[in-house]
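These notes are about the structure you will find just below.
The values are calculated or read from the model by the stated rules, or taken from the named source; none is laboratory data. Predicted, not measured: the structure shown is a model, and the values here were computed from it. Cβ coordinates were reconstructed from backbone atoms using ideal geometry, including for glycine residues, and neighbour counts include every protein chain displayed.
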Amino acid sequence: MEDIIQRKSGDSIELISFRIGEQEFCVDIMAVREIRGWTPATSLPQAPSFVKGVINLRGAVLPIVDLAARMGMAVTEPNERHVIIVTRICDQQVGLLVDAVCDIITVDTGTIQQTPDLACDVVKTFVKGLLAMEGRMISLISLDNVLPTLEAEQAGAETASILAA
Amino acid sequence: MDPLAAIKVTFFQECEEQLAELEGGLLAMEGGDHDPEIVNAVFRAVHSIKGGAGAFSLEELVRFSHVFETALDLIRSGDIPADQETLKLLLRSADVLADHVRAARDGGSVDEGRSSAMAEALEALASGMGGGGEADTGDGFSDFVFNPVAIDLSDTAAAPDASIEDLLARVTGEVAAADADEGAEGDVTWHIRFYPQVGLYQKANESGLLLRELARLGRIDVRLDVSGLPNLQNMNPEDAYLGWSVELTGPAIEEAAVRDVFEWVDGDCYLDIVRADAASAQTLATSIDAVGEVDVMALIRAAQAAEVPGAAMVPPSSGSAPAGAPARAEPAKAKEAALDAKAQAAAREASPQTIRVDLERVDRLIDLVGELVINQAMLTQRVAECGLQRASSVAMGLDDLEQLTREIQDSVMAIRAQPVKSVFQRFPRLVREIAAMTGKEVRLIMEGEGTEVDKTVIERLSDPLTHMIRNAIDHGLETPEEREAAGKPREGVVKLAALHRSGRIVIEISDDGRGINRPRVKQIAVDKGLISPETNLSDDEIDNLIFMAGFSTAATVSDISGRGVGMDVVRRSIQSLGGRINISSRPGQGSTFTLSLPLTLAVLDGMVVTVAGQTLVAPLTAIIESLQPKAADVRNLGPNAQVIAIRDTHVPLIDIGRSLGYRTVTPPPTEGVALLVEGEGGSRAALMVDAIQGQRQVVIKSLEANYRPVPGIAAATILGDGRVALILDIDAVMVPKPHEGLGAAPASTGGGYDLSAAPTSLAKVG
């Protein structure tokens with residue numbers, strides 16, 4: 001994700017923006033495989049609270065991460081109006097549970113602002129930059145650390161290359 | 001991969017097949033089968049390896065296979081009797097040849113001493129049969145090479161027609177002079193007319209070499225036919241005008257052998273092979289060729305027709321080819337030839353056509369069919385939910401669909417299935433080597449090599465079976481002296497049998513050795529602290545002690561077995577395949593190990609259960625029985641553990657819901673169902689579930705592909721309602737936990753279904 005910020009002004013990237021509660025976030029469209037409605041997940045034993053369980057994505061077992069809970073907000077009680085954004089992180093597919101998908105936005109990488117220094121670790125872990133659009137603030141999410149096994153050490157090169165792709 | 005390397009890979013793959021055929025053929029010969037076709041197949045196998053090795057300049061391999069081939073050729077021609085001693089030598093040579101092939105493939109080297117000793121032995125065998133035969137196969141034809149002949153063009157300018165014919169006739173004369181001995185009694189003569197077309201030369205084939213190959217089969221008389229040759233003025237130097245007619249005489253030359261010579265130029269030449277004394281056979285053979293398959297009744301009718309004197313004998317239409325074949329038809333011979341043709345056609349049937357397919361493609365197909373099955377089940381469920389009648393056309397259509405889907409699934413699974421032969425075939429060598437090392441006399445009997453099972457299962461069977469065969473010879477069989485003293489034949493028998501039984505493959509390894517020494521086994525188990533001395537065990541239970549970890553009966557660690565790998569490892573690897581292993585033994589009469597394995601790792605027979613509102617699947621192989629616990633049978637043990645009395649034994653009662661963390665309070669056991677399961681180590685436990693939904697075959701889906709291993713869960717599957725259900729890792733849930741639940745650290749120590757090889761986890765397979 002760093003490299004998105006470092007890209008010189010003039011490069012534009014496409015992002016998918018979505019809403020969790022009152023806040024707006026976005027991810028690189030290249031990491032998104034599909035968007036689908038909520039289907040009940042099979043819960044996994046000993047899973048962290050933000051892992052809702054697994055669903056059947058045309059034969060593949062897809063873990064669902066409650067992005068709100070992942071970022072330390074309230075655990076989502078999903079209903080059929082919630083949305084799953086199927087993303088590809090490294091070699092794994094992960095579904096992100098969000099409230100609603102808003103838009104596809106094209107932004108100049110130069111307009112992405114550095115995340116301000118906050119005390120909150122969660123923000124540091126997941127928010128890699130901020131976008132100002134029509135008076136709204138959209139946080140650019142780094143997918144690296146969404147799944148627990150991918151935390152910390154596995155970030156880095158692979159993800160950067162995926163996002164650069 | 002560059003093309004040459006790719007061809008090389010194919011060559012080595014084919015080498016493996018040839019080696020298997022070689023060994024199979026030699027074993028059949030050792031078993032008393034004297035079918036000349038087997039000898040030919042054996043010879044061909046070595047010959048092909050030599051040919052390929054030559055193309056890749058694999059000197060060592062060429063050298064050894066050449067010596068081997070020479071010896072086999074003499075056996076083929078009957079100059080060396082194929083007695084037991086010779087066959088033993090040949091089998092050992094086949095082992096060395098296999099080593100050479102592997103060395104050529106993987107780098108590394110062959111045991112030079114062994115190889116050269118074997119080569120010497122083969123040479124001694126070849127030379128030991130007297131000079132005549134030697135000359136037959138080698139020296140006699142060393143001069144049989146097409147040499148360029150200078151043509152004086154000044155002559156041809158004057159009289160083109162005559163002089164070319166003269167010159168060519170001179171060349172022909174030299175060739176024909178190669179051997180003109182008349183055939184002895186019992187010899188067969190083949191008339192071969194060989195008219196190369198231009199394509200043959202364009203593909204860099206050489207008629208001379210083909211004729212030389214023919215010369216290897218027997219005495220040949222070659223005549224060059226120049227009648228197709230145009231005037232020099234009209235001649236295209238790159239066209240093919242010449243033809244040869246060859247009379248090949250020798251003992252028991254098979255048509256197939258003759259055809260093999262021309263295998264590579266098939267389609268690029270006009271070829272006519274007729275047995276001299278049975279031209280009518282040609283008609284039959286042609287009709288078989290034309291139809292492409294055997295119609296036995298037609299053959300018999302044709303043979304009967306041939307017996308009628310004066311029946312029309314149609315000589316083969318010669319087309320552009322001139323010299324007609326002699327058509328001396330003798331009815332009796334014709335009948336014989338018809339039978340020959342039949343046998344030949346049968347042989348053709350025996351080698352079905354195959355294609356090589358990338359395993360990944362097959363796995364992808366299997367995956368997709370798995371989806372189809374799930375989807376079909378979902379559809380059925382939806383239709384049922386709509387309240388449609390069973391007899392409605394939609395429901396009936398769905399029934400048909402279901403049947404079709406099952407058939408597709410079975411057929412696709414069959415693609416991955418392979419005969420166990422591919423693993424069995426390495427054991428004759430193993431047995432020979434161990435027998436030599438231990439000084440025991442061993443005969444290996446193999447049955448049911450054609451039994452098919454999933455490729456992955458086969459691959460992972462090799463190690464456990466190797467180990468068990470080693471054990472059977474090393475520990476099971478007595479020395480020849482001991483056997484004689486016990487009134488048994490000196491030669492011990494190890495039997496390896498495979499069969500299908502109720503949707504699983506059963507493999508039995510039995511020996512007729514001394515059987516399990518029960519008092520000693522029990523003593524060792526007591527000494528090693530595996531059981532307490534007072535334990536009262538049945539014979540069966542004592543036999544099964546050898547599967548316990550840390551148990552090894554061999555007093556000394558021998559070179560063969562007992563390299564720290566015990567039967568517990570064998571048991572574990574079998575169980576990781578979803579299989580079971582059992583032993584039955586009778587003192588003085590031998591032991592039998594029985595393995596029972598699933599046919600595939602992609603699907604699993606499971607018991608679908610409900611626990612705390614969740615649907616789970618328990619592998620059926622682990623379940624011994626299910627029962628409704630009675631309050632009186634359940635007892636508390638310690639602060640929060642419970643045991644249940646099942647007949648005479650007490651087994652721990654484990655609430656799956658609690659151990660997986662689905663609930664914190666265990667409902668009364670009497671309200672649920674207990675599954676009595678057996679783990680890897682043979683330990684038992686009763687797993688409490690709320691209800692049993694039924695028994696179902698499920699397609700295994702990897703959890704790790706998109707997530708990570710989950711303690712207590714082996715894998716996932718997708719049920720008919722389209723939802724994911726988790727498959728229990730029985731061993732992991734059985735392991736007593738220090739705290740409540742399984743905790744974050746995996747409690748399982750490499751247990752449960754090892755799914756790394758399941759086709760669904762493509763990441764690991766690929």
task = Have a look at B:E360, B:E349 and point out the one that is in a helix (DSSP H, G or I), at pLDDT 60 or above and either within 30 Å of B:V453 (Cβ to Cβ) or more than 14 Å from chain A (Cβ to nearest Cβ) (or both).
result = B:E360
Members of the stretch B:614-670 that are touching a strand residue (DSSP E or B) at 6+ places or on another chain (Cβ under 9 Å) and of a type in the set (G, A, S) = B:A618, B:A622, B:S626, B:A632, B:A641, B:A645, B:G657, B:S659
message = Among the residues of the stretch A:67-77, what is the count of those that are surrounded by fewer than 19 Cβ atoms within 10 Å (Cβ to Cβ) and outside any helix (DSSP H, G or I)?
response = 5
query = Considering only strands (runs of 3 or more DSSP E) fully contained in the stretch B:668-726, which possess at least 2 residues that are over 33 Å from the mean Cα position of the chain (by Cα) and under 28 Å from B:N640 (Cα atoms)?
reply = B:673-678, B:684-689, B:691-699
ask   = What number of residues within the stretch A:32-76 satisfy the criterion of being of a type in the set (G, A, S), within 14 Å of another protein chain (Cβ to nearest Cβ) and over 21 Å from B:L660 (Cα atoms)?
value = 3
task = Could you check how many residues of the stretch A:7-28 are modelled with pLDDT under 85 and in a strand (DSSP E or B)?
result = 2
task = For the stretch A:100-141, name all the residues that are assigned to a loop (DSSP other than H, G, I, E, B), surrounded by fewer than 20 Cβ atoms within 10 Å (Cβ to Cβ) and touching a helix residue (DSSP H, G or I) at 6+ places or on another chain (Cβ under 8 Å).
result = A:Q114, A:T115, A:L118
remark   = The one condition B:E452 fails out of (1) touching an Asp or Glu at 6+ places or on another chain (Cβ under 8 Å); (2) over 16 Å from B:A20 (Cα atoms) is (1)
task = Give me the pairs, please: first residue somewhere in the stretch B:496-523 and assigned by TED's automatic domain parsing to the domain that holds B:I583, second residue anywhere and among the hydroxyl-bearing types (S, T, Y) and assigned to a loop (DSSP other than H, G, I, E, B), beta-carbon distance under 8 Å, and either six or more positions apart or on two chains.
result = B:A498/B:T451; B:L499/B:T451; B:H500/B:T451; B:I505/B:T451; B:N517/B:T553; B:R520/B:T553; B:V521/B:T553
Helices (runs of 4 or more DSSP H) wholly inside the stretch B:417-504 containing at least 3 residues that are among the hydrophobic types (A, V, I, L, M, F, W, C) and out of contact with any strand residue (DSSP E or B) (no Cβ under 8 Å at 6 or more places or on another chain) = B:427-438
request  = Pick out the one residue from B:A685, B:A705 that is hydrophobic (A, V, I, L, M, F, W, C), over 17 Å from B:L726 (Cβ atoms) and assigned by TED's automatic domain parsing to the domain that holds B:L719.
outcome  = B:A685
inquiry  = Quick check on the stretch A:85-101. Is at least one of its residues within 14 Å of chain B (Cβ to nearest Cβ), of a type in the set (V, I, T) and closer than 30 Å to B:R658 by Cβ?
reply    = yes
inquiry  = Restricting to the stretch B:590-615, name every residue that is touching a Pro at 6+ places or on another chain (Cβ under 8 Å), modelled with pLDDT under 85 and part of a strand (DSSP E or B).
reply    = B:L604, B:D605
note = Screening B:S65, B:S109, B:S116 for residues that are among the hydroxyl-bearing types (S, T, Y), closer than 24 Å to B:K421 by Cβ, out of contact with any Phe, Trp or Tyr (no Cβ under 6 Å at 6 or more places or on another chain) and not assigned by TED's automatic domain parsing to the domain that holds B:A204 leaves only B:S65
key: Matching residues, the stretch B:676-722, being within 10 Å of chain A (Cβ to nearest Cβ), surrounded by fewer than 18 Cβ atoms within 10 Å (Cβ to Cβ) and of a type in the set (K, R)   = B:R708
ask   = Of all residues in the stretch B:605-620, which are farther than 16 Å from B:I718 by Cβ, within 13 Å of chain A (Cβ to nearest Cβ) and among the β-branched types (V, I, T)?
value = B:T610, B:V611
request  = Go over the candidates B:T621, B:T615 one by one and state the one that is within 26 Å of B:I366 (Cβ to Cβ), surrounded by 19 or more Cβ atoms within 10 Å (Cβ to Cβ) and either in the same structural domain as B:A725 (by TED's automatic domain parsing) or free of Cβ contacts under 8 Å to residues at least 24 places away in the same chain (or both).
outcome  = B:T621
